[in-house]
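A short worksheet on the structure shown next.
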Amino acid sequence: MSQSYYFESYPPLFRPPPNIPQIQESNSDETESLLLDSHIPVIDYFKCTTPTIRTTKYQDVNEDRNLISEACRDWGLFRLVNHGIPITLLNQVEEHAKKLFSLPYETKKAFFANSTSTSTTNFVCPISYFWGSPALSPSGAALAPKKGAQENNNQSLQWMEGFNVSLAQLSNIHYQDLLLETFRCLLEEYGKELSRVATEIFKILGPFESNYMSIETGLLRVYRYPRCLEPERTWGIDTHTDSSVLSIIHQDDVGGLQLYKDHQWIDVNPLPNTLIVNIGDMLQAMSDDRYMSVKHRVKVNKHKERISIGYFVFPAEDTIIQSTKYNPFSYADFRAQVQHDLKTLGLKTGLQKFKF
């Protein structure tokens, strides 16, 4: 595939100018580690969720569960191994994502505007395409940047594109195109696996009210971070916290994810067949700030694209979260406040608006 054709897959503002030499893909890793990630907690999902294990090879399951709590208190994030999701499924989702992202920009936009639903009433397409901002409306459309927004805030142009996927609605749609339909099926299967993992982790971190996390709210964000001529001038996604209860991230082999801890940025390096789990704003509130929503961001790369797939799960829409640190609020209240802040201030103020 020629480079000129390939860059047709990028949103127009991400394409290299015609008078500038084409970007050459490289095998070098230009991610500069600010602090080694060797201290990021590693949690064995199998040990934490298998109470029958009592051999000298394994710790007591309660000790392993305590490690999750410690990781969420100290880091707000951990690396998950032995999660039970087939590596073949992870690879297939990633490969199909790459194929879809490599389609021409206009084709991608058109694909997710045309679908066949099993229901004709109140139907919202469960997969939407977006770019330039991770801030989306409830329908999955990217929010327009605030006029006059500063370059370094979350409403400036961010070097990414993605698919927003409502897992609860995926079975209501079928595509005639084989690539799209296969992708849809893979996402549905992957979503079920992640729901299982998130449910077990939430139980371990509790006890919480059962509707404080609703699997029906689960969504996937499939991201591509295109190559960028001037990576020092922009971010794939700028500094933020997630609004979720839990977020579970699968990375490809291209680095870029960073977390903020102890006044330093730390590269969260990709490791095969592992997942990154991080705490979101909702879990911070319902845990009375025991678990802290972690700040993170994504760097872009001059020579390599990056693919990541995030799973995000939330409280039931109108469930009132009770906390000793915050005024009672529902996730619907929180989301409305975030949308208001993004449109008026150009940035997310998060939980601060709900503090006592």
Problem - Full-stretch length increase - E232, F208 - with 0.36 nm per residue and alpha-carbon distance subtracted - result: 4.4 nm
Handout entry: Net length gained if the chain between S171 and Q352 were fully extended (0.36 nm per residue, minus Cα distance)
Key = 61.4 nm
Fill in the blank from the handout: Under the 7 Å Cα-to-Cβ spin-label approximation, D318 and D289 lie apart by a distance in nanometres of 3.1 nm
Completion exercise
Quick calc, E216 & T50: beta-carbon distance into FRET formula, R0 25 Å, rounding 0.05, result 0.40
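With only Lys, Arg, Asp and Glu charged, each at its Cβ (+1 for the first two, -1 for the last two), find how big the charge dipole of segment 178-331 is about the Cα centre; round to the nearest 20 debye. Before the final figure, lay out each step's value.
Details: 17 positive and 21 negative charges, 99 e Å.
About 480 debye.
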Fill in the blank from the handout: Which of K299/K355; K98/K192; K98/K295; K109/K203; K325/K348 exceed 29 Å between C-alpha atoms? The answer is K299/K355; K109/K203
Fill in the blank from the handout: Burial-style ranking of 95-103, 125-133, average other-beta-carbon count within 10 Å with highest first, yields 125-133, 95-103
Fill in the blank from the handout: Taking a crude spin-label model, label points 7 Å out from Cα along the C-beta direction, the R15 to L345 distance in nm is 3.8 nm
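Order the peptides 209-219, 310-320 from the highest to the lowest mean number of other Cβ atoms within 10 Å of their residues.
Values: 209-219: 18.0, 310-320: 20.0.
Ranking the peptides 209-219, 310-320 by packing returns 310-320, 209-219.
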Practice task
Quick one: which residues, 5+ away or cross-chain, put their amide H under 5 Å from the amide H of Y326? H built at 1.01 Å from N.
Solution key: F356
Practice task
Starting with the highest mean, order 174-180, 135-141 by the number of other Cβ atoms within 10 Å, averaged over the residues of each peptide.
Solution key: 135-141, 174-180
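Just so you know, all these numbers are worked out from the coordinates, no wet-lab data involved. These figures come from a predicted structure and were not determined experimentally. Positions of Cβ are backbone-derived with ideal geometry, glycine not excepted, and every protein chain shown enters the neighbour counts.
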